[in-house]
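Shown next, in structure tokens, is the structure this report addresses.
What follows draws every value from the coordinates through simple rules; no lab data is involved. Please read all numbers here as calculations on a predicted model, not as lab measurements. Neighbour counts are summed over all protein chains in view; Cβ atoms, including those assigned to glycine, are modelled from backbone coordinates with ideal geometry.
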Amino acid sequence: MAIQTRKSYKFALRSSLLITFFFTASLVVFMLLQNNWDWFFLAVFVVISFAVSFVVLQIRVERFIYRRVKKIYDDVSLLESTSFSSKPVTTDMKTLTEEIEKFAEDKKIEIDTLKIREEYRKEFLGNVSHELKTPLFTVQGYILTLLDGAIKDKKVREKYLARANKGVERLIYIVRDLDLISKLEVGGLKLEREDFDIIELIQNVFELLEMKAASKEITLTFDMEYNHPIYVNADREKIQQVVSNLLVNSIKYGHPKGTTEVSVENLIKNKVIVRVTDNGEGIPKEHIPRLFERFYRVDKSGSRQEGGSGLGLAIVKHIIEAHDEKIYVESEEAVGSEFSFTLEKTSKMVEKSLIESKEVSPM
């Protein structure tokens with residue numbers, strides 16, 4: 001982009017006024033001492049003094065300062081081709097200083113962001129490596145043991161093959177979730193929107209996770225009895241995955257004989273909010289901002305013992321955002337956690353809400 005130029009006369013103007021004032025004051029003092037006062041000579045002296053000072057200073061500024069300023073602009077414009085170089089070059093040092101400071105601040109923010117991303121990248125690669133190598137080494141260990149002769153023992157063969165199969169299933173689970181989240185992040189996953197009853201969907205997930213919850217004596221329940229369906233418009237399969245992932249997490253980190261409660265409430269005219277609340281371990285405040293990162297774990301050792309791909313919450317976030325909705329989390333250690341997300345009501349649910357509000361409103 002070509003750099004435009006714009007002259008500034010502030011420095012030369014102010015400096016010329018100061019020089020003219022100094023010399024004029026000196027001349028006035030001299031005239032008073034000599035008792036020889038000449039207004040015409042004084043006026044001519046002021047005009048000439050100011051004109052000469054202004055011309056000399058402006059030429060000097062343009063020759064020596066402006067060239068250096070332009071070189072700074074040229075050098076910096078090689079690094080920044082947007083906002084900085086799009087403005088005209090000026091000999092005003094204040095303007096240059098402000099632009100350089102802004103440029104430096106923007107670059108500092110950019111560098112800090114890159115450093116944070118680099119740390120996340122390193123951590124992510126480390127996590128991916130750990131998540132994949134654990135089941136891989138497990139499968140390899142069982143297969144090598146079988147190849148070393150254990151395959152001849154039928155009981156050992158069946159047991160080791162079953163364990164190897166579990167390791168392969170875990171690998172498939174991780175790869176499938178990675179593929180899903182990659183598609184969600186680049187917007188390559190098409191949502192199949194439809195109208196469905198969110199209460200029925202949640203009840204179905206309760207039934208699917210009944211045995212898993214029973215193993216930890218955790219009760220899955222609604223906050224109240226929902227006698228009527230609540231229809232929303234979304235991708236049924238993806239929202240079922242969201243509810244399932246949130247409930248699995250609440251079971252995984254819940255206390256034995258605990259409770260996980262789900263509620264569906266009207267948020268605004270065309271939105272509902274689904275809340276998943278548990279009385280489990282809770283999450284320390286410093287971990288909450290990073291909860292939805294891929295493979296991020298609050299308790300790294302305990303989480304891996306519980307299983308899972310480490311991508312559950314990241315997938316939840318991307319699915320909800322793909323619906324142009326919001327997800328929220330509130331948690332307190334030793335008290336419990338609440339994850340909530342919004343969904344769009346169907347048109348008939350909105351109409352029903354408006355009718356009910358009119359029926360209960362005073363005449």
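Brief remarks on what is shown
- If you sort the three axes of the alpha carbon gyration tensor as a ≥ b ≥ c, you get a/c of 1.5 or more for the stretch 140-230 and a/b no higher than b/c, which makes it oblate.
- A compact globular protein would have a Cα radius of gyration near 2.2 N^0.38 Å; the ratio found for the stretch 197-330 is 1.04.
- Put simply, when 285-291, 331-337, 113-119, 260-266 are sorted by average Cβ atoms within 10 angstrom per residue, most first, you get 260-266, 331-337, 285-291, 113-119.
- Sequence-ordered 3J(HN,Hα) estimates for the stretch 11-20 from the Karplus curve with 6.51, -1.76 and 1.60 and θ = phi - 60° stand at 4, 5, 5, 5, 5, 5, 4, 5, 5, 4 Hz, glycine and proline given as x.
- Scanning residues 5 or more positions from Leu291 or on other chains, none has an amide H under 5 Å from its amide H, with H placed 1.01 Å from N in the peptide plane.
- Taking other Cβ atoms within 10 Å as a rough exposure proxy, Phe40, Phe341 sort from fewest to most as Phe40, Phe341.
- When the GluC sites (Glu not before Pro) in the stretch 167-240 are filtered for DSSP coil states and for at most 12 other beta-carbon atoms within 10 Å of their beta-carbon, the remaining sites are Glu192, Glu217, Glu225.
- In this simple spin-label approximation, Asp112 and Lys326 carry label points 7 Å from Cα along the Cα→Cβ vector, and these lie 2.5 nm apart.
- Among Leu180, Thr134, Leu147 the positive-end extreme of the charge dipole of the stretch 119-185 (Cβ point charges): Leu147
- Charging the Cβ of each Asp and Glu at -1 and of each Lys and Arg at +1, and nothing else, the dipole of the stretch 113-188 about its Cα centre rounds to 320 debye.
- Distances between placed amide hydrogens fall under 5 Å for Lys326 paired with Thr342, all partners being 5 or more residues away or on another chain.
- Inter-probe distance in nm under a simple model that places probes 7 Å from Cα toward Cβ, at Ile59 and Asp148: 9.4
- Using 0.36 nm per residue and subtracting the Cα-Cα separation, the extra length available between Lys269 and Val29 on full extension is 78.2 nm.
- Cα gyration tensor category, rounded, prolate or oblate, for the stretch 132-283 with a/c compared to 1.5: prolate
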